[in-house]
Every structure is written in C-alpha cells, then in structure tokens.
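The values are calculated or read from the model by the stated rules, or taken from the named source; none is laboratory data. All figures in this text were calculated on a predicted structure; none of them were measured in a lab. With ideal geometry, Cβ positions are generated from the backbone for all residues, glycine too; neighbour counts draw on all protein chains shown. Only protein heavy atoms, including side chains, enter the accessible area calculation; ligands, DNA and RNA are left aside. Shrake-Rupley method; radii C 1.70, N 1.55, O 1.52, S 1.80 Å.
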Amino acid sequence: NPFAELVSHLRASWLSGKTRPMEFRIAQLEALGHFLDDKKQQILEATASDLGKPLFEAELSEILLCKNELHETLNNLSRWMKDEQVDRNLAMQLDSAFIRKDPYGVVLIIAPWNYPIHLFLVPLIGAIAAGNCVIVKPSEVSKNTERIVTEALPSYLDKDCFAVVTGGVPETTRLLENKFDYIFFTGSPPVGRIVMTAAAKHLTPVTLELGGKNPCYVSDTCDVTNVARRVAWGRFFNAGQTCIAPDYLLCTAEMQEKLIPALHKAIDDFYGPNPRESPDFGRIVDDKHFRRLRALLGSGRVVIGGQTDEAARYIAPTVLADVQPSDPAMQEEIFGPILPIVVIANMDEAIDFINSRERPLALYAFSSDDKVVNQVLERTSSGGFCGNDTLMHLTLTSLPFGGIGNSGLGMYHGKFSFDAFSHHRACLKRGMGREPLNSARYPPYSQQKFGLMQAASKVTRKSDCTLL
C-alpha cells in the first residue's frame with residue numbers, strides 16, 4: 001500500500017506522545033493561523049480560479065470563519081483539555097472519578113471541493129486541539145486550492161505528525177485501506193457509505209458530514225421581501241454549491257405568486273440585470289457538475305434566470321415554479337444556483353412532505369408567526385434548523401454542525417470539534433488502603449452484604465414534588 005509507510009510514521013509519532021502537550025497543540029494551531037495570514041491572497045486567488053468565488057464570499061467563508069474557529073479553540077483549549085470530574089456515590093466518596101479527553105491517534109480528514117479551505121481546516125483545528133496526528137486529503141476537483149494546501153501547509157506544521165496526500169478516487173481508495181483511529185469525511189451520501197464501509201473493516205469510528213435536499217418552508221404570514229432576500233442569498237452564495245443551502249421552497253400557490261417577483265428583485269439587487277457580469281456571483285466547479293445542473297432546468301417552469309454558458313461554466317441564478325415531487329430537480333441534492341418551488345396547500349402538508357423524505361442537513365422555516373416556526377421545528381427532524389434566515393446557524397461556533405440519518409453522522413465546530421476528535425475515557429482512581437470498606441462485595445455473599453452494597457451505591461429517583 002503506497003500510504004502504509006506514512007501512516008506508520010505518524011503512528012510512531014503519536015505513540016511517542018509528541019502531540020499530547022498543550023504547548024505543542026497551541027504551537028501547531030498558531031501555525032495554522034500563520035498559514036491563513038501568509039497565504040490569504042493566494043487562497044483568494046485560488047478559490048476565484050476554481051469556483052469563481054467572489055472576494056467577499058471567500059474572505060467570509062474560507063478566512064474569517066476559519067479564524068473564528070481557531071481563536072475559539074485557542075481561547076478555550078486549556079479548559080477543554082482538563083479532566084472532567086464527575087459525581088460519585090457513597091461507596092466512592094474518597095476516590096477520584098473523572099473523564100480524561102484522550103486523542104484517538106492517527107486521524108484521516110477527507111475534504112470536499114466547494115469550500116476547499118474551510119472544510120479541511122475546521123476539522124483539522126479540532127483534530128490538532130485534541131492531540132492527534134493527522135493526514136489531510138484535500139479535493140482534487142478544486143485543483144488550485146489543492147496545490148496551495150499540498151505545497152504550503154506542510155511547511156507550517158510538524159512533518160512527523162501531520163501530512164497532506166493528494167489524488168483522486170483510486171488514491172483515496174488505497175488510502176482508506178489503512179487502519180486509522182478516526183476518519184472525518186465531508187461529501188455526498190453515496191461516497192459516505194464507501195468511507196463507512198472501509199472504516200468498518202478496522203472498526204474505525206467516523207464523522208460523516210453529508211448533504212441532502214434542505215427544505216425551506218415559507219408560510220403565508222411573512223415579510224415577502226425579507227424572505228426573498230434571505231433565501232436568494234442562501235441559495236446563490238457560492239453559486240449554490242453549499243451543503244446547507246435551501247434546496248427547495250415549500251409554499252402555497254398564493255405565496256409562490258408573491259415570491260417570484262420578490263425573488264426576481266432580490267436577484268437583480270444582488271447581481272444586477274445580467275448576473276454573468278457580476279463580480280459577486282460564482283461559477284460551477286467543473287464541466288461534469290455543469291452538465292448535471294443544466295439537465296435539471298427542465299423541471300417545472302423557469303420563471304427567473306435559466307441562462308447557461310458551458311464554456312464559462314455559468315448558470316444564472318434560476319428559480320423554477322410549479323415543480324412536481326417527481327421532477328428531476330427533486331430527486332437529488334441540487335448543489336447549484338437553481339431554486340425549485342413546490343406548491344403545498346398548508347403547513348401540515350409541508351411538514352408531511354418534509355417527513356416523507358430523507359432527513360436533511362438543514363431545515364428552514366419562515367413566518368411572522370413564531371408559533372408556525374416552532375411547529376415546523378417540533379414536528380420535523382434535521383441536522384440543523386434556522387428560523388427566518390438561511391445559512392447563519394453555521395457561523396456560530398457555539399452550535400454543533402452535523403447531519404442526521406442520510407445527511408450525516410457526528411458533529412463538530414467549536415468545542416464540538418474538540419470532542420469529536422477526543423476519546424472520552426472513563427477513569428476511576430482508588431487508594432490501596434481502606435480494604436475493610438470493600439469486604440461487603442466479596443464472597444461469601446449474603447443478604448446483609450447486598451444491603452450494604454445497595455446502600456452505598458444505589459441511585460434513587462428524586463421526588464417530583466417539593467415540600468414548602
């Protein structure tokens with residue numbers, strides 16, 4: 001196996017204990033900050049070349065949010081690393097019981113192409129903070145960004161503990177044959193199944209950050225202008241190539257008629273009358289994805305946009321009205337600048353529609369009535385939820401990010417990243433003395449001994465009522 005020697009080298013480094021001291025972890029995390037600072041301009045140019053990513057969007061998603069994660073981790077790492085003391089029963093009042101946050105060991109992070117810096121760097125922050133050795137596999141699809149990561153990142157990190165490997169499907173397949181102690185994968189559900197199958201051979205735990213069709217319910221009671229602007233921004237950010245973008249709208253026929261002109265105005269306000277000329281609208285990553293997206297334009301009827309240019313990999317911000325559940329646009333995650341509208345009769349039908357499908361990575365609900373938003377929240381299931389906006393829940397390091405069911409397994413961001421890459425080790429330390437206190441548990445057994453053990457270790461349920 002071409003990667004066996006590299007994995008063995010990193011494992012030897014991990015077994016040496018090199019990555020465990022807090023000082024080492026902090027030094028490596030600070031080096032990631034230097035990487036972002038030093039290579040910022042190259043990163044912005046590479047993401048523009050790979051995805052036509054606007055400067056504002058790249059600075060926000062690839063630089064600022066990564067810096068936020070980094071600073072959150074550096075600010076709290078000493079506290080996160082401390083042993084967590086836990087409650088003890090009567091029998092163990094003189095003992096020490098705690099949870100130790102151990103690193104897993106050698107970790108593999110496989111990143112996608114749509115946010116090619118953010119989606120490898122944020123999990124890498126968590127993996128380093130938790131004390132692991134790491135192999136990073138950036139996406140070969142975003143070639144220019146992959147080149148920066150491959151050529152520049154190793155010079156910032158300890159080469160005995162961290163490595164970058166490149167390649168496509170064949171190389172990744174061989175990489176997954178090796179035994180890792182944890183695998184973190186971001187990508188599509190079909191590839192997630194392949195990763196999980198490979199991990200199962202070694203009983204390796206995984207985090208799978210997958211995608212899905214994220215529903216967006218718009219009730220009849222809302223500020224249509226605000227809804228249109230927030231939905232259009234969330235859908236067309238990064239040319240729609242965002243795993244938590246609103247994938248389709250659910251609304252009544254009356255609301256659809258109000259939303260179409262409002263969305264048209266929002267798109268015009270954002271990108272001008274010809275979005276192709278806008279510096280703020282991105283491009284599709286490659287020809288394969290362009291052709292896949294172009295084939296979806298036959299769903300429903302095009303009411304906004306629809307223009308395409310294969311040579312430039314350009315698809316205009318597009319809205320499809322009267323889309324049927326059986327249409328091609330509703331069979332797969334769109335992952336592009338196309339927004340279908342599916343007409344439903346009311347909120348109950350919208351909730352039934354959502355619950356009849358795979359559980360999404362994100363779910364959105366818009367209404368001026370907070371009861372409506374709460375109803376959608378309480379009666380559905382999704383990785384994350386955002387009421388009256390899109391994407392913004394991702395920006396809080398205090399919220400976990402992750403999917404459920406078909407949209408993923410596990411969570412990260414902020415402390416959740418540290419926890420994801422840490423084994424929570426149950427620890428009990430007892431003294432060598434006081435042996436007579438243990439006599440009740442030793443044979444020969446008796447009912448009296450059981451009574452003593454029960455009194456010393458029993459957990460009782462607290463009373464529901466309180467005497468005043």
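For Leu121, only one of the following conditions fails: (1) surrounded by fewer than 24 Cβ atoms within 10 Å (Cβ to Cβ); (2) of a type outside the set (Lys, Arg); (3) in contact with a Cys (Cβ under 7 Å, 6 or more places away or on another chain); (4) closer than 30 Å to Phe236 by Cβ. What is its number?
Unmet condition: (1).
Could you please find all residues in the stretch 332-349 being modelled with pLDDT of 95 or more, in a loop (DSSP other than H, G, I, E, B) and either out of contact with any strand residue (DSSP E or B) (no Cβ under 8 Å at 6 or more places or on another chain) or under 24 Å from Trp113 (Cβ atoms) (or both)?
Hits for the stretch 332-349 are Glu333, Ile334, Phe335, Gly336, Pro337, Ala345, Asn346.
Is it fair to say Thr204 is among the hydroxyl-bearing types (Ser, Thr, Tyr) and part of a helix (DSSP H, G or I)?
no
It is to be established whether one or more residues within the stretch 177-193 are more than 20 Å from the chain's Cα centre (by Cα), open to solvent by 30 Å² or more (accessible area, probe 1.4 Å) and in contact (Cβ under 8 Å) with a residue 60 or more places away in the chain.
Yes; the residues of the stretch 177-193 include at least one that is more than 20 Å from the chain's Cα centre (by Cα), open to solvent by 30 Å² or more (accessible area, probe 1.4 Å) and in contact (Cβ under 8 Å) with a residue 60 or more places away in the chain.
Look through the stretch 297-329, keep the residues that are over 16 Å from Gln241 (Cα atoms) and touching a residue at least 60 places away in the same chain (Cβ under 8 Å), and return whichever of them is surrounded by the fewest Cβ atoms within 10 Å (Cβ to Cβ).
That would be Asp322.
Within the bounds of the stretch 369-388, is there any residue that is in contact (Cβ under 8 Å) with a residue 60 or more places away in the chain, polar (S, T, N, Q), within 22 Å of Asn226 (Cβ to Cβ) and surrounded by fewer than 16 Cβ atoms within 10 Å (Cβ to Cβ)?
So far as the stretch 369-388 goes, no, none of its residues is in contact (Cβ under 8 Å) with a residue 60 or more places away in the chain, polar (S, T, N, Q), within 22 Å of Asn226 (Cβ to Cβ) and surrounded by fewer than 16 Cβ atoms within 10 Å (Cβ to Cβ).
Run down Thr166, Thr197, Thr145 and say which single residue is open to solvent by 50 Å² or more (accessible area, probe 1.4 Å) and closer than 13 Å to Ala111 by Cα.
None of the others qualify; the one that does is Thr166.
Could you look through the stretch 257-286, keep only residues that are without any contact (Cβ under 8 Å) to a residue 12 or more places away in the chain, of a type in the set (D, E, K, R) and open to solvent by 80 Å² or more (accessible area, probe 1.4 Å), and pick out the one that is farthest from Tyr115 (Cα to Cα)?
Glu257
Scan the stretch 389-424 for residues that are aliphatic (A, V, I, L, M) and either assigned to a loop (DSSP other than H, G, I, E, B) or crowded, with 16+ Cβ neighbours inside 10 Å (or both) and jot them down.
Leu391, Leu394, Leu396, Leu399, Ile404, Leu409, Met411, Ala420
May I ask you to list the residues in the stretch 39-70 that are in contact (Cβ under 8 Å) with a residue 12 or more places away in the chain and surrounded by fewer than 14 Cβ atoms within 10 Å (Cβ to Cβ)?
Selection gives Leu55, Phe56.
If Leu32 meets every condition in (1) aliphatic (A, V, I, L, M); (2) open to solvent by less than 50 Å² (accessible area, probe 1.4 Å); (3) not in a helix (DSSP H, G or I) apart from one, which number is that one?
The one condition Leu32 does not meet is (3).
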